[in-house]
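Take a look at the structure below.
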Amino acid sequence: MQNNKKQQLIENTIYATLWLLVLLVVVFLSQKNDRVDWVKVSHDTIALLPFFLVFMANNILLTPKLLFEKKYLWYFIATTVLIIFVSHPKVSMLLQDLLSVQLGDMNSGLPYPRRGLTLPGGPPQGLNLEQLRPGMEPQARGHFIRYMNNMLISILVIGFNLAIKQTARLMREERMRNLLNEQKLQAELSFLRHQISPHFLMNTLNNIHALVEIEPQMAQSSIVRLSHMLRYLLYEKEDKKTTLAKEIEFIKSYSTLMQMRYTDDLDIRLNFPKEIPDVSIPPFIFITILENAFKHGAAVNKKCFIHLSIEIQGRYLVCICSNCKQTKTKTTILDHGIGLENTRKRLDLYYDKDYIWDIAEAHDKYTSTLKLPIYDH
């Protein structure tokens, strides 16, 4: 609402500035011998009033009530009638005569020129041709030319008004689209976060369930770690971004939890910077990749590996995750369910394609390389 009022103020300021420039031009053209003929200025200003009325009618009534309401036929009819009526010489003369009487009284009986703007090289004293021929009606040709001139000026006034008004409207619509896109972005991110949390929780509870009968103490320890992980999920899911340090701590807890299930058969290697940089990232991005590696690369009572490293390479934060390839797996790493699919959607929403994600498949392993741009705070 505040932005709309500000833009409306700017639009009105533009109109006022343009009309002020027109008046300044009238004053400039009324100079004689370095002196301003204020009587002529008054006369020429009155001659502009019909066109100002056209502007006001189009700006306040016709454009917002008809054109912007998509009543194009009615707008065309109303605008045409307005131009034809106001541009008629008798109408403009009548208006000028009425105001001339008032201004004539204010000028202490000075002769007051009438009817029409004075053109350079025209009759002296601002008088037009019909005043030089008293008692005679205007010639038909002169009448027609004046009519056409008034219509042309009216059309130009409406054209400039429409150009400015349409530009202002497009700017308002663009701002509204950006606002709606931002709201849509936040809604989609919120939905994806809520979708990721149950997905992750389901897999983790299945792992704990497998430990209950085999290693009860490990199961208890796993529940404690899970509580810390859920606390991270609870506090971070509403934030737009989290820190790299928090994400790494989450990865460590998750990996320790998974190691309890697979024991020494699973070779888990995590490599992080010794000094974790202060970098903001979307939450649960790296953990989703790691979770997918466990899903497709780990197996009970089978030798396998999962290696994950996070490092800074130039302007990118690089996460490389590789896992062994299970021979019985017929699907590729891309056929994984909602986890990585949602991660890609979130990356598109956060970084707008300004990221690199390569997934490679070899004869014995999968490798996922994700490069996120590091933006300045």
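The values are calculated or read from the model by the stated rules, or taken from the named source; none is laboratory data. Everything numeric in this text was worked out from a predicted model, so none of it was measured. All Cβ positions, even for glycine, are placed from backbone atoms using ideal geometry, and neighbour counts span all protein chains on display.
Out of segment 71-89, which residues are of a type in the set (Val, Ile, Thr) and touching a residue at least 24 places away in the same chain (Cβ under 8 Å)?
Correct list: Thr79, Ile83, Ile84, Val86.
Any residue that is more than 21 Å from Asp267 (Cβ to Cβ), modelled with pLDDT under 80 and among the hydrophobic types (A, V, I, L, M, F, W, C) - is there at least one of those in segment 316-333? Before you say what the answer is, go through the steps one by one.
Step one: list which residues in segment 316-333 are more than 21 Å from Asp267 (Cβ to Cβ), which gives 316-318, 330-332.
With the extra rule that they be modelled with pLDDT under 80, the set shrinks to 330-332.
After this cut, where a residue has to be among the hydrophobic types (A, V, I, L, M, F, W, C) as well, the list is none.
No, the conditions are met nowhere in segment 316-333.
Among (1) within 21 Å of Ile374 (Cβ to Cβ); (2) in a loop (DSSP other than H, G, I, E, B); (3) among the polar types (S, T, N, Q), which single condition is Gln326 missing?
It is condition (1) that Gln326 fails.
Starting from segment 313-324, keep only residues that are within 12 Å of Phe272 (Cβ to Cβ), then list their pairs with residues that are β-branched (Val, Ile, Thr) and surrounded by 21 or more Cβ atoms within 10 Å (Cβ to Cβ) whose Cβ atoms are within a distance under 6 Å, requiring at least 6 positions of separation or different chains.
Cys319/Ile310
Does Leu53 qualify as being part of a helix (DSSP H, G or I) and modelled with pLDDT under 85?
When the stated conditions are applied, Leu53 does not pass them.
Can you tell me which residue among Asn181, Asn161, Asn149 is surrounded by 15 or more Cβ atoms within 10 Å (Cβ to Cβ) and either modelled with pLDDT of 80 or more or not assigned by TED's automatic domain parsing to the domain that holds Lys241 (or both)?
Just a single option satisfies the conditions, and that option is Asn161.
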